[in-house]
Amino acid sequence: MDESLLEKAFLTKDFEQLGKDVLAEISGHLERTTKGIQSKTLAWNPPENELDFWRGFLTDGNQADFFKEILNRTTHTHHPKYVGHQVGVTAPLTVLTGMLSNLLNNGMAVYEMGMSPNAIERIVIEKLGEKFGFGSNAGGFLTSGGTLANLTALLSARKAKVTHDVWNEGHTAPLGILVCEEAHYCVDRAAKIMGLGEQGIVKIPAKANFAMDTEQLEPLYKESLSKGIEIFAIVGSAPSTATGAYDDLKTIAQFAKKYGLWFHVDGAHGGAAIYSKKYGYLLDGAQEADSIVIDGHKMMLMPTITTALLFRDRKHAEHTFSQKADYLLDDTTEDEWYNSGRRTFECTKTMMCLHWFALLKFYGDQLFDQYVTRQYDLAQDFAGMIEDHPNFELATEPMSNILCFRYINPELKNEELNDSNARIRQVLLEDGEYYLVQTKLRGKLYLRTTLMNPFTTAEHLNQLLEKIVKTASNILG
């Protein structure tokens, strides 16, 4: 091995110059995208072509162009015409916290490998618990994404509510959870990883607005018991992914209390509404939850991937992955909040807490209030524009910043409309000016927007509708 290469990789002078160049590129990118100077949100390229480009770049590309090519060849979430997936538009400050985390690389599993981040994470969790109205006995931690957080919460629920020791002895009887049919697929995935099987995922039908029909809880719960399935938890969506519908958390909380079930709130996307003075009511009932998930990388302006998992009683945060029964854990063990590896699925994780702490320190809660309120308001405005337009229909009135709609033509049948909207979406994707996605709801294909960008305006959305009408005209002739 050429030792000079190892030395070169750590030359601070070279790093400083490269860092200045990259930060200049990033700042220029932010300027061009947030102000819409750059004409496209993405430069569409078929998968095989993109693969060929990067294969060629690895062998023949100019290394000085690497960062520039990444910026040019990826989806620009900071562009006001980005209205696609539920991926956060990151505050520039978090570029720096991410850089610091990557440099220091403190894994956090044990205190001496994460002194500051373990303490900082504790403070972040305390602040989140206070915001949701949990008492002083609350606890939790940050983890790598909503999928892992939901799985961890359901593992905690099983340990707390199921009488036999599944963790050490395995299943001895069928177990199940209650969840709306419109809940995020990660809840199904978590339940199957836990060995509940299809019969253990009891789907509650959704109402016309795609939120859980809570009137179906009682009969389906009793039906499950009659089949010998022990229901130990119920999940409320805040909101669901496809349509952004919030379940009635207050009613779900009452039902959970009535039957002694663990109440979990999947607030991965919309839990941040707790910061909004205007829309915080959507989370009424969440203060009664046993556990809550909230993603920082969705509606809290942070980079992927960071998620908070809160527990109303912090002992559940400590005991989920313990290798012995709860009654064998002493107070000293319970209080080891500073050893992160004891409480999370990951033995090693990034210093993701820096994003949360820095945004709170530099801007305070008001930043999240302004952001969430603005984006939810914008969805209401967009819904009004769609309802007033003769060529479009809404799937349902938006409850969050997620909105589903479709182009309509009275001369076309449903399947033809489905095909037309799919073709419109593909044309828009390849065009690259706007980026939006699609979803299928009750047999109808809808165009789906998630208004994540704080620079998107009603005018951008009006132009989108005009572009769709023009695209439809070209497709249908």
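The values are calculated or read from the model by the stated rules, or taken from the named source; none is laboratory data. Bear in mind that the values here come from a model prediction, so they are computed numbers and not experimental data. With ideal geometry, Cβ positions are generated from the backbone for all residues, glycine too; neighbour counts draw on all protein chains shown.
Points to keep in mind about this one:
- Residue match in segment 165-183 (condition: assigned by TED's automatic domain parsing to the domain that holds PRO239, under 18 Å from the mean Cα position of the chain (by Cα) and assigned to a helix (DSSP H, G or I)): no
- Residue in segment 201-214 that is farthest from GLU393 (Cα to Cα), counting only those that are in contact (Cβ under 8 Å) with a residue 40 or more places away in the chain and of a type outside the set (A, V, I, L, M): THR214
- Selection count, segment 298-313, where residues are more than 12 Å from GLY88 (Cα to Cα) and surrounded by fewer than 24 Cβ atoms within 10 Å (Cβ to Cβ): 2
- Of all residues making up segment 277-297, the number that are buried (at least 24 other Cβ atoms within 10 Å of the Cβ) and charged (D, E, K, R): 1
- For segment 140-157, the set of residues classified as in contact with a Leu (Cβ under 8 Å, 6 or more places away or on another chain), within 15 Å of ASP313 (Cα to Cα) and either surrounded by fewer than 24 Cβ atoms within 10 Å (Cβ to Cβ) or hydroxyl-bearing (Ser, Thr, Tyr) (or both) consists of THR152 only.
A quick yes/no check of all residues on (1) over 30 Å from ILE402 (Cα atoms); (2) not in a helix (DSSP H, G or I):
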{"residue": "GLY19", "(1), (2)": "yes, no"}
{"residue": "GLU31", "(1), (2)": "no, no"}
{"residue": "THR41", "(1), (2)": "no, yes"}
{"residue": "TRP44", "(1), (2)": "no, yes"}
{"residue": "GLY88", "(1), (2)": "no, yes"}
{"residue": "GLY98", "(1), (2)": "no, no"}
{"residue": "ASN102", "(1), (2)": "yes, no"}
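Yes/no per residue for (1) of a type in the set (A, V, I, L, M, F, W, C); (2) farther than 22 Å from HIS319 by Cα; (3) touching a residue at least 40 places away in the same chain (Cβ under 8 Å):
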residue	(1), (2), (3)
THR97	no, yes, yes
ILE120	yes, no, yes
PHE134	yes, no, yes
LYS159	no, no, yes
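- Hits in segment 96-116 (condition: at pLDDT 95 or above and β-branched (Val, Ile, Thr)): THR97
- Here ASP52 fulfils each of the conditions (1) out of contact with any strand residue (DSSP E or B) (no Cβ under 9 Å at 6 or more places or on another chain); (2) surrounded by 14 or more Cβ atoms within 10 Å (Cβ to Cβ) apart from (2).
- When segment 269-323 is filtered for residues that are modelled with pLDDT under 95 and small (Gly, Ala, Ser), the ones remaining, listed by number, are ALA317, SER322.
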